[in-house]
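The values are calculated or read from the model by the stated rules, or taken from the named source; none is laboratory data. Everything quoted here is computed from the prediction, not taken from an experiment. As a convention, Cβ positions derive from the backbone with ideal geometry for all residues, glycine included, and neighbour counts pool all protein chains shown. These accessible areas exclude ligands, DNA and RNA; they are computed on the full protein's heavy atoms, side chains included. Shrake-Rupley method; radii C 1.70, N 1.55, O 1.52, S 1.80 Å.
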Amino acid sequence: TLDYERSLRAAFEKADFERLAREELPGRGAVKSTFMVPMLTVIKTDDQPLEPAQRQRLRALLTTLPPRDRSDLNDMRTFFRLGGLKNDPFGKL
């Protein structure tokens, strides 16, 4: 586990995402990472509206995941939300 974490940190540091966002998406991309432990990082552009049917489809896909995968996804959603990522496309937890 420690080797895996170190390999991820060596390849993708949060500062790298911040630099890329500034260079490639000036003023349009915000870097967000999971709360407390920046193990997962995304570059988020401004929200785009989702049609109700799209949101329903995402919710349906979420419910078809095996329980362990759904739990992992929900954990990621929670930690990204706590890290400042808003407007979860799946809806409320």
Legend entry - Identity of the residue in the stretch 46-55, among the acidic types (Asp, Glu) and open to solvent by 90 Å² or more (accessible area, probe 1.4 Å), that ends up farthest from ARG77 (Cα to Cα): GLU51
Inset, instruction - Only one of these is modelled with pLDDT under 90, among the hydrophobic types (A, V, I, L, M, F, W, C) and in contact with a helix residue (DSSP H, G or I) (Cβ under 7 Å, 6 or more places away or on another chain): LEU85, LEU93. Name it. - result: LEU93
Inset, instruction - Scan the stretch 74-93 and report the pairs whose first residue is free of Cβ contacts under 8 Å to residues at least 40 places away in the same chain and whose second residue is surrounded by 13 or more Cβ atoms within 10 Å (Cβ to Cβ) and of a type in the set (Phe, Trp, Tyr), with Cβ atoms within less than 6 Å and a gap of 6+ or a chain change. - result: none
Legend entry - Inter-residue pairs, beta-carbon under 9 Å, first open to solvent by 90 Å² or more (accessible area, probe 1.4 Å) and in the stretch 1-29, second hydroxyl-bearing (Ser, Thr, Tyr), 6+ apart: PHE12/THR41; GLU13/THR41; ARG28/THR45
Inset, instruction - Quick one: in the stretch 61-93, of everything that is small (Gly, Ala, Ser) and over 24 Å from GLU13 (Cα atoms), which residue is least open to solvent (accessible area, probe 1.4 Å)? - result: GLY91
Legend entry - Verdict on LEU58 being touching a Pro at 6+ places or on another chain (Cβ under 7 Å), aliphatic (A, V, I, L, M) and open to solvent by less than 90 Å² (accessible area, probe 1.4 Å): yes
Inset, instruction - Considering only the stretch 30-45, state which residues are out of contact with any helix residue (DSSP H, G or I) (no Cβ under 6 Å at 6 or more places or on another chain), open to solvent by 80 Å² or more (accessible area, probe 1.4 Å) and under 18 Å from ASP88 (Cβ atoms). - result: none
